[in-house]
Amino acid sequence: MGNGRRFWGYLRNRIKWYALILLSGLLMAAVMLLNGIPFEEIGYGLALCLAFTAVVAAADYYRYDSSCRKLLALRHSVTLSLEGMPEPTEPVEQIYQELLQILSRNKTWLENEARERERDLTEYYTMWVHQIKTPIAAQKLLLDEMEEGERREEMSQELFRIQEYAQMALQYMRLESESTDYVLRSVELDELIRPAVRKYAKQFIRKKLSLVYEPLHTAVLTDGKWLGFVVEQLLSNAIKYTPKGSIRIGMEGGYLVICDTGIGIRQEDLPRVCEKGYTGYNGHADKRSTGIGLYLCSRILKRLGHTFSITSEEGCGTRVMIGFPASEDAGE
C-alpha cells in the first residue's frame, strides 16, 4: 500500500468527524453573526479552531500511518508470530488483535496436530513396508518348492509386482520425510544398471524383449541408492509398455538414455506424466498403473540436481534422458 492509498484511506476513515467539526464551526459562526458579533472576531476564532484541528489531524495521521507501516512490515512474518504488532489505540483494535491471537493459537495447534498425525502415519507405513517383506520372502520360498509350470510363473510374477509396490511405498515415504539424506559420491553407472537388468531379466524373457546394453564405463556424482531406484523404475516402465521389440540403455552426450520401442505416450499426456497420480491414456488402459513411478523419479532427480526429460511418439516408443551436472556443481 503506497503513501497515496494510505492517505486516502485515512480520509475515508475520518471524513465524517472532520465534516462534523466543520459543520459545528459554521453553525457556531452563524449563531454569533445573528447575535451581532463582528465578522472579524468570528473569523479569528474560526482560524484558531482550524489551526488546532490541523495540528490534531496531522498527529492523528502520523499515528495512523505508523500503524499501517508496522502492519505492512508484519505481512511476511505474521504466519510465524504476531509479535511486533502496533499497540491498539481504540477498543475495537484491541478486540481485533485478541481475535487474531486466538486464531494464531488455533492455527499453531492444528499445525502441530497435523505434523503429529503425519509423523505417526509415516512411522506406521514404514513399519508396514518392512513387515510385509517377511511374508513376501516366505512366499518366495514356497514358490521355489512348487513344480515348474504356468501357474507357478503367474504366481511368481504377481509376487514380484507386490514386492515392487512395497518398495515404491517405502521410497515414497522416505522421499516425503524431512530427514531424507542424500550421500553424493562418484558412482559407476554400470554398478546401478547391471543389478536393475538382472532384477528384470525374467520380465525380458517372458515378453521376449531384446536388451541393447554395453558397459558404459562412466562415473557420475550422485546418490547410488536413489539413482538406482530411478533406473529400476524407468526400466520397469519400459518393459511394462513395450509389448514387443527392444529396450536400449546407453550414454549420449553425457546423458544416460533409456529408450524403448513400446506403445509410446500421447502428446497431450507428455507434459503431465510426472504429476503425482496422473496416469494418462496408457494408465487408464492398464488398470494397475498408479501414476506414482515417474512422479517419484522426477522428484528424486530434481533433489539430486540431475535433469530429466521424456520424449515419445505414440506407437513408436519412448525416450528418457537423465543429465548429470559437473562435479563441482553437483557438490554445491
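Here the gap between D144 and R161, fully extended at 0.36 nm per residue and compared with their Cα-Cα distance, gives a gain of 4.4 nm. Scanning the chain for chymotrypsin sites (Phe, Trp or Tyr not before Pro) in DSSP loops with at most 16 neighbouring Cβ atoms within 10 Å leaves 1-181 as the longest stretch between them.
Label-to-label distance for I102 and S66 is 3.0 nm, based on points extended 7 Å past Cα in the beta-carbon direction. Measuring between their Cα centroids, segment 193-216 and segment 124-140 lie 26 Å from each other. Computed from the C-beta positions of L110 and Q267 and an R0 of 30 Å, the FRET efficiency is 0.10 to the nearest 0.05. Return the inverse of the average 1/r over all pairs of distinct C-alpha atoms in segment 185-330, which is the Kirkwood hydrodynamic radius, in Å to one decimal. Answer for segment 185-330: a Kirkwood hydrodynamic radius of 15.5 Å. Bridging of K133 to lysines at a Cα separation below 20 Å is possible for K199, K225, once same-chain residues fewer than 8 apart are set aside. For the chain, the C-alpha radius of gyration sits at 1.78 times the compact-globule guess of 2.2 N^0.38 Å, with N the residue count. Within straight-line reach of K107, meaning a Cα separation under 26 Å, sit the following lysines at least 8 residues removed in sequence or on another chain: K70. In the chain, the longest principal axis of the Cα atoms and the axis of helix 150-176 are about 30 degrees apart. Sequentially through segment 131-137, phi angles give Karplus couplings (6.51, -1.76, 1.60; θ = phi - 60°) of 5, 5, 5, 5, x, 5, 5 Hz, Gly and Pro residues having no value and appearing as x.
Whole-Hz Karplus values for segment 304-314 come out as 7, x, 9, 8, 8, 9, 10, 10, 7, 9, 4 Hz, taken residue by residue from phi with 6.51 cos²θ - 1.76 cosθ + 1.60 and θ = phi - 60°; glycine and proline positions read x. Helix 224-240 against the longest principal axis of the chain: what's the angle in degrees, Cα atoms only, rounded to the nearest 10? The angle comes out at about 70 degrees. Taking label points 7 Å from Cα along the Cα-to-Cβ direction, A30 and E188 give a separation of 10.2 nm. Residue by residue, segment 117-125 carries 3J(HN,Hα) couplings of 5, 5, 5, 5, 5, 4, 5, 5, 5 Hz when phi is fed to the Karplus relation 6.51 cos²θ - 1.76 cosθ + 1.60 (θ = phi - 60°); x denotes Gly or Pro. Principal-axis analysis of the Cα atoms of the chain puts helix 189-199 at an angle of about 60° to the longest axis. Restriction of the trypsin sites (Lys or Arg not before Pro) in segment 159-211 to DSSP coil positions whose beta-carbon has at most 16 other beta-carbons within 10 angstrom yields K208.
Every helix of 4 or more DSSP H residues in the chain counts as -39500 (n - 2.57), and over all residues that averages to -21500 deg cm²/dmol at 222 nm. Distance between the modelled labels on C316 and R117, one decimal in nanometres: 4.9 nm (7 Å Cα→Cβ projection).
Restricting segment 134-173 to GluC sites (Glu not before Pro) that sit in a DSSP loop and have at most 10 other Cβ atoms within 10 Å of their own Cβ leaves E147, E148.
Throughout, read-outs are computed from the coordinates displayed, never taken from laboratory work. Model, not experiment: these values are computed from the prediction. As a convention, Cβ positions derive from the backbone with ideal geometry for all residues, glycine included, and neighbour counts pool all protein chains shown.
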